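Notes follow once the structure below has been shown.
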């Protein structure tokens, strides 16, 4: 009985760290995923990881044990938040494209967050999610979770002094990533605006506002289809082990 209690006490911090990650993940922790699935995924993942971890040092007080639980929850949420930031860059790229393309006022409800997002941003998010799963990005997140137990052992005191600066740097890098992903289409739509302006000056009889909106939508969709292979390759690089996702996860783990 004492051995069983010891395993339960040692297993709970592992489960809390995994649960924090699952809750904060953009794909598996959204509102559209049933709570039973989240609980089962966290429990099974923690059950697989627990036998591979070193023995957790015993804690003498109940307050110390609860402190460890809170630390593990913070580490798990931090890992999930890092993945969310990368997907937020995809949303940002879509929003930057939606406005010049004419879709700025066309919103759809995102089932994951329950918020209204521009339609092209939602399309890019779904595409990024498919690429993320296709190249095994979720496996990379699981590997980062497994390595986090060696980088941040359970029961070790952590310091979050560098965490605010790390989060700030990650925000800056993700904003840069969003602009980089949207730059080809923004450039093409800007050239289309210039061309429409020249047409409006050369042929004043044309109602450029009536012609411009459908023309920019057609141009934007055509440009996206043209750059789609390069866009997919870039997203695959972003979600790779040496891409932005891997760097963000290592930065967050190194800040604890």
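Values quoted throughout were computed directly from the atomic coordinates according to the rules given, and no laboratory measurement underlies them. Everything quoted here is computed from the prediction, not taken from an experiment. A quick note on method: Cβ atoms are made from the backbone with ideal geometry, for glycine too, and the neighbour counts reach across all protein chains shown.
Per-structure values
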quantity: In degrees, nearest ten, helix 244-254 long axis to first principal axis of the chain (Cα); calculated: 30 degrees
quantity: C-alpha long axis of helix 35-49 to longest principal axis of the chain, angle in °; calculated: 60 degrees
quantity: Residue 39 versus residue 191: modelled label distance in nm, points set 7 Å from Cα along the beta carbon direction; calculated: 5.6 nm
quantity: Proportion of all alpha-carbon pairs of the chain beyond 34 Å (%); calculated: 31 percent
quantity: For the chain, built as a Gaussian network whose Cα springs stay under 10 Å, the top-fluctuating residue of 205, 95, 122; calculated: 205
quantity: Extension reserve of the residue 234-residue 198 stretch, reckoned as 0.36 nm per residue once the Cα distance is removed; calculated: 9.6 nm
quantity: Selected from 46, 134, 241 as most flexible by GNM, with the chain as the system and alpha-carbon contacts under 10 Å; calculated: 134
quantity: Spacing of the two label points (7 Å from each Cα toward its C-beta) at residue 62 and residue 168, in nm; calculated: 4.1 nm
quantity: Highest-fluctuation residue, 14, 203, 86 considered, GNM on the chain with Cα pairs under 10 Å; calculated: 203
quantity: Residue 180/residue 138 FRET efficiency (R0 22 Å; Cβ-Cβ; nearest 0.05); calculated: 0.40
quantity: Label point distance in nm, residue 70-residue 52, each placed 7 Å from Cα along Cα→Cβ; calculated: 3.0 nm
quantity: Extension gain (nm, one decimal) between residue 226 and residue 31, 0.36 nm per residue minus Cα-Cα; calculated: 66.8 nm
quantity: Chain lengthening between residue 146 and residue 208 when straightened (0.36 nm per residue, less Cα-Cα); calculated: 16.6 nm
